[in-house]
Amino acid sequence: MKIIISILNRINKLKCDIFQMGLKNHFKRIDVYIIRKFLGTFFYCMMLIMSIIVVFDFNEKLDKFVQNDAPNKAIIFDYYLNFIPYFGVKFSPLFIFISVIYFTSKMASNTEIIAMLASGISFKRLLRPYMISAAFLALLTFGLNSFWIPKANKTRLAFENQYVKKISTDFVRNVQMEIEPGVIMYIDRYNSANQTGYNFFMEKYDDQKLISRLTAKIIQQDSAYHWKLTDYLIRDFDGYYEKINMGSSLDTMIQMDPQEFFIIKGWSEQLTTPELKAYLDRQEKRGVANIKEYNVEYARRFSFPFSAFILTLIGVSLASRKVRGGMGLHLGLGLAISFTYILLDTISGSFAQGGVLTPMLAVWAPNVIYTLIGIGLYRKAPK
């Protein structure tokens, strides 16, 4: 009798082990299933919407392409192959949200969500594959925004500048900045076409005490940091004494890059994240005040990827409940929420550039607001 009971206990234990093993594999299958659905729907949605955007953009710019004799090869490879990833990443919150809403609503309408929850899977556990997918998209977005998209933007904007509309400028006035600690320079006018500046002066200070002043009627760049001065005057101060050196021509080294004279819209998007950080540090040391656009862009590089997690949480919490109206109602809500997120992100960035908000507060405000919305919807989601 004892032997029979022992055998039955072993059989029951074996059944439990088999059931737990099957349940564990079942969970893994669910993870793969949801991740495949999420990423597949995301890339399909992005490809579909970007195709529509490209058609509209081509129709809008066709006259410019024909008028300026833009080569077909440049249109395809220089413009649209760089246009698609730029706007694809820019509108990735919209694609993520629509993807989550679409396939989760479909799962809810097919009672798959109900079956998962009824089998003992918690809603928190159900979120795991969603967040794994969101993490992959967040890392992909950050990597593209930080390194690949800026290089693509250089080619795209150069094409637009040549064949669509002129973005860059060749002329600037009243340039003043600190090029080194204690070294202030000023140029009345600078023309990048011939790399020539007019009415130049440079002053050197030692503990707020002027020790040298260099002036020149014309300054022209010969090579990197190498400048040729015309009609120059150098005054060195030593207490009550002054030493004057003047002449018609002088070759000298000055640590300034003319490219930094031209702060144009969109240039911040052409810098990789390390380049942007180095540029901001250098400009702040030089006392340049008009760099809010660059501060906003740098802060947004780090805040933007978090939208993947936030909008995924909102999307799952909304679409996992089976309601009347089904997928149509969920898609309508999804479009409204994703568009308002992108709109709020754009408006807050404009406020930062206008000085109303700090760049850090401006770029993180949409994330904070929509995180609170996501937490509220998560608490009301079916458990």
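The values are calculated or read from the model by the stated rules, or taken from the named source; none is laboratory data. Quantities reported herein were computed from a predicted structural model and do not represent experimental measurements. Cβ: placed from backbone, ideal geometry, glycine included. Neighbour counts: every protein chain shown.
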Restricting segment 212-226 to residues that are assigned to a strand (DSSP E or B) and modelled with pLDDT under 90, the one nearest to residue 190 (Cα to Cα) turns out to be 221
Please list, ordered by first then second residue, the pairs with beta carbon atoms under 6 Å, 6 or more apart or interchain, first in segment 63-80 and assigned by TED's automatic domain parsing to the domain that holds residue 154, second of a type in the set (Ser, Thr, Tyr) and assigned to a helix (DSSP H, G or I).
68/163; 70/163; 78/155
Residue tally, condition more than 23 Å from residue 310 (Cα to Cα) and not hydroxyl-bearing (Ser, Thr, Tyr), over segment 98-111
1
Hey, could you check segment 173-201 for residues that are under 13 Å from residue 257 (Cβ atoms) and within 31 Å of the chain's Cα centre (by Cα) and say which is surrounded by the fewest Cβ atoms within 10 Å (Cβ to Cβ)?
180
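Please go through segment 123-151 and pick out each residue that is of a type in the set (Ser, Thr, Tyr) and either under 16 Å from residue 84 (Cα atoms) or outside the structural domain of residue 277 (by TED's automatic domain parsing) (or both). Give the steps one after another, and end with the answer.
First pass over segment 123-151, keeping only residues of a type in the set (Ser, Thr, Tyr): 130, 133, 141, 146.
Within segment 123-151, 141 is the sole residue that qualifies.
Let me confirm something: among 111, 41, which residue is closer than 16 Å to residue 318 by Cβ, more than 19 Å from the chain's Cα centre (by Cα) and assigned by TED's automatic domain parsing to the domain that holds residue 153?
41
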Could you give me the residue pairs with C-beta distances under 6 Å whose first residue belongs to segment 355-383 and is in the same structural domain as residue 345 (by TED's automatic domain parsing), whose second residue is acidic (Asp, Glu) wherever it lies, and which are 6+ apart or on separate chains?
366/345
Of the residues that make up segment 162-174, is at least one at pLDDT below 85, of a type outside the set (S, T, N, Q) and in contact with a Ser or Thr (Cβ under 7 Å, 6 or more places away or on another chain)?
yes
Of everything in segment 49-84, what is assigned to a helix (DSSP H, G or I) and exposed (fewer than 12 other Cβ atoms within 10 Å of the Cβ)? Give them in sequence order.
51, 52, 55, 56, 59, 60, 63, 66, 67, 72, 73, 76
